[in-house]
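Here's the structure we're looking at; comments come further down.
The values are calculated or read from the model by the stated rules, or taken from the named source; none is laboratory data. Not measured: the values here are computed from a predicted model. Here the Cβ positions follow ideal geometry from the backbone for every residue, glycine too, while neighbour counts run over all protein chains shown.
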Amino acid sequence: MNNEALLEKTIQFVKETLHDAEGGHDWFHIERVFNTSKMLLQHESADALTVQLAALLHDIADPKFHQGDESIGPKIARGFLESEGVDENTIEHVVLIVQHMSFKNSLDGEGQKFTSKELEIMQDADRLDAMGAIGIARAFNYGGFKNRALYDPNIPPSPNMTKEEYKASQAPTINHFYEKLLLLKDGINTETGKKMAQERHLFMLDYLERFYSEWNGKE
């Protein structure tokens, strides 16, 4: 099977698997990350097939929708790629990216256990989708999905949480800006990604300023 056919089969598999997914982690999230990863590949030297497969499969079973189990996604990704006869080196690389790309894994205090240029591109593509206008929309969509408060002035953000604290957090959605979204800019790997992240970061700061102004009844 050629690469184009493999990617098309992967797209169909992901669409079917995420048919009923929460709106911030559905096929359209995957599609945006996939397209951003392809754009980054135009400026970065990396194995395109590995990056694109990882982009398509990175959220095939997000742990937050599977009782925190971080093993399901990599298993599903491996099983699908094996069923399509993908070579073992590519499978292993894709699975390692799926295992290590999440923001919360940067909070465990042990440093990143695996790195590659392909992982860096994938992290940037995924993190960019958590920033800017789309990032804001996704944050509030997930907060609504979990029935969380928009904002509570009596619950301050905790920007220095451990991985387990982050996973267990039930804080208002505005806190998520300080606990993740505003931290992403400094974790972007590629030069192209950094330029995109800066603009999206500033948009989020402008949004927060407006949010607090309206919250407090000001013009």
| Which numbered condition trips up Asn105, out of (1) within 23 Å of Lys180 (Cβ to Cβ); (2) at pLDDT 95 or above? | (2)
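Scan segment 128-165 residue by residue and report those that are of a type in the set (Ser, Thr, Tyr) and either at pLDDT 95 or above or within 15 Å of the chain's Cα centre (by Cα) (or both). Full working, then the answer.
Just the residues of segment 128-165 that are of a type in the set (Ser, Thr, Tyr), to begin with: 142, 151, 158, 162.
Matches in segment 128-165: Tyr142, Tyr151.
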| Matching residues in segment 72-98 - criterion: being exposed (fewer than 15 other Cβ atoms within 10 Å of the Cβ), among the charged types (D, E, K, R) and closer than 19 Å to Met122 by Cα | Lys75, Glu92
| Scope segment 61-103; condition outside any helix (DSSP H, G or I), aliphatic (A, V, I, L, M) and over 26 Å from Thr192 (Cβ atoms); matching residues | Ala61, Val86
| field | Within segment 43-58, considering residues that are closer than 21 Å to Ala5 by Cα and touching a residue at least 60 places away in the same chain (Cβ under 8 Å), the one surrounded by the most Cβ atoms within 10 Å (Cβ to Cβ) | value | Ala55
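Being polar (S, T, N, Q) and within 17 Å of Asn154 (Cβ to Cβ) is the filter; apply it to segment 168-206 and report the residue that is surrounded by the most Cβ atoms within 10 Å (Cβ to Cβ). So that I can check it myself, show each step before the final result.
Pass one, segment 168-206, residues polar (S, T, N, Q): 169-170, 173, 175, 189-190, 192, 198.
Narrowing the set further to residues that are within 17 Å of Asn154 (Cβ to Cβ) leaves 169-170, 173, 175.
Working: Ser169: 16, Gln170: 10, Thr173: 19, Asn175: 22.
Looking at residues that are polar (S, T, N, Q) and within 17 Å of Asn154 (Cβ to Cβ), I get Asn175.
Here are some residues: Phe34, Phe13. Which one is aromatic (Phe, Trp, Tyr), within 17 Å of Gln123 (Cα to Cα) and at pLDDT 95 or above?
Numbers: Phe13 fails: within 17 Å of Gln123 (Cα to Cα).
None of the other options fit; the residue is Phe34.
I'd like the residue in segment 207-219 that is without any contact (Cβ under 8 Å) to a residue 60 or more places away in the chain and surrounded by 12 or more Cβ atoms within 10 Å (Cβ to Cβ) and, out of all such residues, is nearest to the chain's Cα centre (by Cα). Full working, then the answer.
Filtering segment 207-219 down to residues without any contact (Cβ under 8 Å) to a residue 60 or more places away in the chain leaves 208-210, 212-214, 216-219.
Checking which are surrounded by 12 or more Cβ atoms within 10 Å (Cβ to Cβ) leaves us with 208, 212.
Values: Leu208: 21, Tyr212: 26 Å.
Per the stated criteria, the residue is Leu208.
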